[in-house]
Amino acid sequence: MSSKYSIVIPMAGLGTRMRPHTWSKPKPLIHLAGRTVLDFVIDQFHSLPRFNDANFILILSPNQKDQVRNHIQDHHSEKKIHYVMQNEMRGQSDALFLARDLLNGPMLMAFSDTLIKTDLSFLDTESMDGIAWVKAVPDPRRFGVAKVDHHQQIKHLIEKPKDIQNNLAVVGFYFFQKAEDLIKAIQHQMKEEISLNGEYYLVDAINIMIQNGARMRIQQVDVWLDAGKPEALLETNRYLLENGQDNSQIVRQRNQNTVLPPVNIHPDAIVEESVIGPYVSVGESAVIQRSIIRNSIVEHGASISQEIIEDSIIGCRTILSGKPKTMNIGDDSWFEA
C-alpha cells in the first residue's frame, strides 16, 4: 500500500468532565506535561508510514475553531490539516460522516482524549479490513469491549457490558483499510436510526461493517492514557513526566528553588524560592514565588504566590495568593486569602 493515510480526530464535544477549564478553551488544548493534550494526540501517530504526508482531519465545534487553528499554526504548521465543523452534537458517527468528502482509502481515528503507545509501522502490509486497539482492564463495564474469536478477529463490539468476563476494553483508536466502507456503514446506521439519546455511536457503525462481511481484529496495547477528566489528566501528566517529558536537569539550579523530579517547567516561566515537584508541569509565562507545588498542572500565564498546592489543575492566567489548597481552577480566575 502506498496511499496517503487520513487521520481523523473528532474533538467537537462539550468537554463537560473537564470544566471549568473547558468553559474558555477546547479540552484538547489543556496543558499536559509541557505541551497540550492535542500535541500528544497528534504525535502518537509518528510511527505511521509516510507520517509527514498524512492528512489530518480535525472535527471541531464552531466555538473551538479559532483557538485550535491558532495552536496548529504555531506548533504544527508543517502538517496537512483539514477542519470540519460539527454544529450539532449528534455523536461520533455523525462527526465522521460530516468529513466524508475528505475520506477515502486508509484511515485512522482517535478520540481527542485518548493517548496510547503503539507502533503503526506495520499498517502498509495489514490484510484485515480494520483494527480496534484494546487494553485488558480489571472492570470493563464502563467501557466498550470487543468480543473476539480464537483468531483475535472481532465478532461484535459491546458498549458498556453488564459482566466482566470479557475485559478487552476498546480504547478509542481505530484503523480502517477503506474509509468508504465505514461511511457506507454510517449511512446505513443513520437510515435505520441506530442511535442512543439522539447520538450516533461509532461502535454501531463498526458492528454494521462486521455484519456486512468486514474482517476486523484487535491490537492490544500496554499503555492507555486518559486525558478526559481531571484526576485522569493528572495521572497522565505523571506518566508522561516519567517517560520522556522531564526537564528537571535544566531548571534545577536556578533562583533558589528546590526541584524534585520529574517536572516540566517551561523555560519562560519564572520560579523563585519555591519547591516544585514531583509530578508538576508549569506552562509558559507562569510565575511561581515562595510556594510549594506537588502533583499539579499550572497552565500558561498563571501567577502563584505563597501557596502550598497539591493534586491541582490551575488554569491560564489564574492569580493565587494565600493559603494551602487543592484546586481545579479555570482560566482567568483570581483568589487571594
Requested in this report: Examine region 284-291 for a residue that is within 18 Å of the chain's Cα centre (by Cα), buried (at least 20 other Cβ atoms within 10 Å of the Cβ) and over 30 Å from Leu98 (Cβ atoms), and state whether such a residue exists.
Outcome: no
Requested in this report: Please work out if Arg294 is surrounded by fewer than 23 Cβ atoms within 10 Å (Cβ to Cβ), in contact with a strand residue (DSSP E or B) (Cβ under 6 Å, 6 or more places away or on another chain) and closer than 14 Å to Ser274 by Cα.
Outcome: yes
**Report entry** Matching entry among Leu168, Leu123 (being of a type in the set (A, V, I, L, M) and more than 27 Å from Leu234 (Cα to Cα))
**Finding:** Leu123
Query raised in the report: In the set Gln165, Gln187, Gln177, which member is at pLDDT 95 or above, over 30 Å from Asp43 (Cα atoms) and in the same structural domain as Ser127 (by TED's automatic domain parsing)?
Result: Gln187
Requested in this report: Kindly list the number of the only condition in (1) within 18 Å of the chain's Cα centre (by Cα); (2) at pLDDT below 95; (3) surrounded by fewer than 19 Cβ atoms within 10 Å (Cβ to Cβ) that fails for Leu225.
Outcome: (3)
**Report entry** Members of region 170-216 that are of a type in the set (Ser, Thr, Tyr) and more than 23 Å from Tyr5 (Cβ to Cβ)
**Finding:** Ser195, Tyr200, Tyr201
Query raised in the report: Taking Asp181 and the conditions (1) under 20 Å from Val145 (Cβ atoms); (2) surrounded by fewer than 21 Cβ atoms within 10 Å (Cβ to Cβ), which numbered condition does it fall short on, given that it satisfies the others?
Result: (1)
Query raised in the report: Among Gly34, Gly15, which is the only one that is at pLDDT below 65 and either within 15 Å of the chain's Cα centre (by Cα) or aliphatic (A, V, I, L, M) (or both)?
Result: Gly15
Query raised in the report: What strands (runs of 3 or more DSSP E) lie completely within region 34-115 and have 3 or more residues being closer than 27 Å to Glu299 by Cβ and in contact (Cβ under 8 Å) with a residue 12 or more places away in the chain?
Result: 55-60, 80-85
Requested in this report: Could you list all residues from region 213-271 that are assigned to a strand (DSSP E or B) and β-branched (Val, Ile, Thr)?
Outcome: Ile218, Thr258, Val259, Val263, Ile265, Ile270, Val271
Query raised in the report: Hey, does region 160-183 have a residue that's without any contact (Cβ under 8 Å) to a residue 60 or more places away in the chain, part of a helix (DSSP H, G or I) and not polar (S, T, N, Q)?
Result: yes
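The values are calculated or read from the model by the stated rules, or taken from the named source; none is laboratory data. Just so you know, these numbers come straight off a predicted model, no measurement behind them. Cβ coordinates were reconstructed from backbone atoms using ideal geometry, including for glycine residues, and neighbour counts include every protein chain displayed.
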